[in-house]
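Asker: Mind having a look at this structure? Questions to follow.
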Amino acid sequence: MTALRPELPALMVEEQVKAALLEDLGRAGDITTLSTIGPDRTAAANMSVREAGVVAGLELARTAFRLIDPSIRFEALAADGDRVAPGRTVARISGRARGLLSAERVALNFLMHLSGIATYTATFADEIAHTGARVCCTRKTIPGLRALEKYAVRLGGGSNHRYGLDDAVLIKDNHIAVSGGVAGAVRAARAYCGHLVKVEVEVDGLAQLREALTASPDVVLLDNMGPELLSEAVAINAAHWGLSVASYPGDLRRTRLEASGNVQIETIRAIAETGVDYISTSKITMAAPTLDIGLDVSI
């Protein structure tokens, strides 16, 4: 079965775009457009990508034009998640010129930023497509844009980590230092949270991994380990659950392993080939360049 592409709730899109437009319009509106373009002038425009990439954010762009002027026509010629070549027109916009020009920058800002994240994520996902590992984002996102950025990650072929502090437990080194131990922290989290909440714990060495496995967390985060140590960690996990190499990948009983820490496009393949399940990196959200997309107006 083909996986469904992710979708953004309409209410979320509306709120995000409205806030961006209000920020841009300020107290007096688009005084450049209002002073130079008559209210009855019409125009059309093509929104085209100037480099290869993955499209993300078309509904946000559409909403920007609609909120400024509901009569503007926005025709999407691509869909979020599409891989596009340079020169591809992804949307045509037509209607009153004032609204078209006033909404242009907000529409492009969302589209370029999210398409950049989707495109950069795809480069990481493509690099490890031959393995069973998935590249994941983190909570390192632009404040206020996390849900949108995580949406773009999924469009690029990545997976989402937790959305915030309330939807999963991630016990990190500082929690362990204060609470007094890896296994104890995992057991305390299990006792506190409901049965639907996943529990993950970070370890920085193989001794901590062995201790963590005694408490059966859902996921162990292997922090800043090279491929050799990661391969040992996979073997330790398999042995703990009594699994063979052949049965290990698909066994649902075992603890999942996540590698993290200074993951680069140059290193992710070797990390994935160790047999870990997930590879988390902030780079796909925090270091992604925007995708070059332009809007060219014709009268």
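The values are calculated or read from the model by the stated rules, or taken from the named source; none is laboratory data. From a predicted model like this one, the values you see are computed outputs, not experimental measurements. Cβ placement follows ideal geometry from the backbone for every residue including glycine, while neighbour counts extend to all protein chains displayed. These accessible areas exclude ligands, DNA and RNA; they are computed on the full protein's heavy atoms, side chains included. Shrake-Rupley method; radii C 1.70, N 1.55, O 1.52, S 1.80 Å.
Asker: Could you list the trypsin sites (Lys or Arg not before Pro) in the range 13-90 that lie in coil according to DSSP, counting only those with at most 15 other Cβ atoms within 10 Å of their Cβ?
Answerer: ARG27, ARG41, ARG50
Asker: Using Cα centres only, tell me the gap between the range 237-255 and the range 176-198 in whole Å.
Answerer: 23 Å
Asker: Ignoring any ligand, DNA or RNA, what whole percent of the accessible area of the chain comes from carbon and sulfur when the probe is 1.4 angstrom?
Answerer: 54 percent
Asker: Right, here's the next one. For the range 108-195, which chymotrypsin sites (Phe, Trp or Tyr not before Pro) are both in a DSSP coil and crowded by at most 11 other Cβ atoms within 10 Å?
Answerer: For chymotrypsin sites (Phe, Trp or Tyr not before Pro) across the range 108-195 that sit outside H, G, I, E and B with at most 11 neighbouring Cβ atoms in 10 Å, the list is empty.
Asker: Taking only DSSP H segments of four or more residues, each worth -39500 (n - 2.57), what value at 222 nm results for the chain once the sum is divided by all its residues, to the nearest 500 deg cm²/dmol?
Answerer: Numbers: 11 runs with 123 residues, N = 299.
Mean residue ellipticity, 222 nm, calculated: -12500 deg cm²/dmol.
Asker: FRET efficiency for ALA78 and THR33, Cβ-Cβ distance as r, R0 = 30 Å, nearest 0.05?
Answerer: Numbers: r = 27 Å, r/R0 = 0.90.
With R0 = 30 Å, the Cβ-Cβ based efficiency is 0.65.
Asker: Which Rg and Dmax, in Å, describe the Cα atoms of the chain?
Answerer: For the chain, the Cα radius of gyration and maximum Cα-Cα distance read 23.1, 75 Å.
Asker: Follow-up. May I ask you to list the lysines whose Cα is less than 21 Å away from that of LYS140, ignoring any residue fewer than eight positions away on the same chain?
Answerer: LYS150, LYS172, LYS198, LYS283
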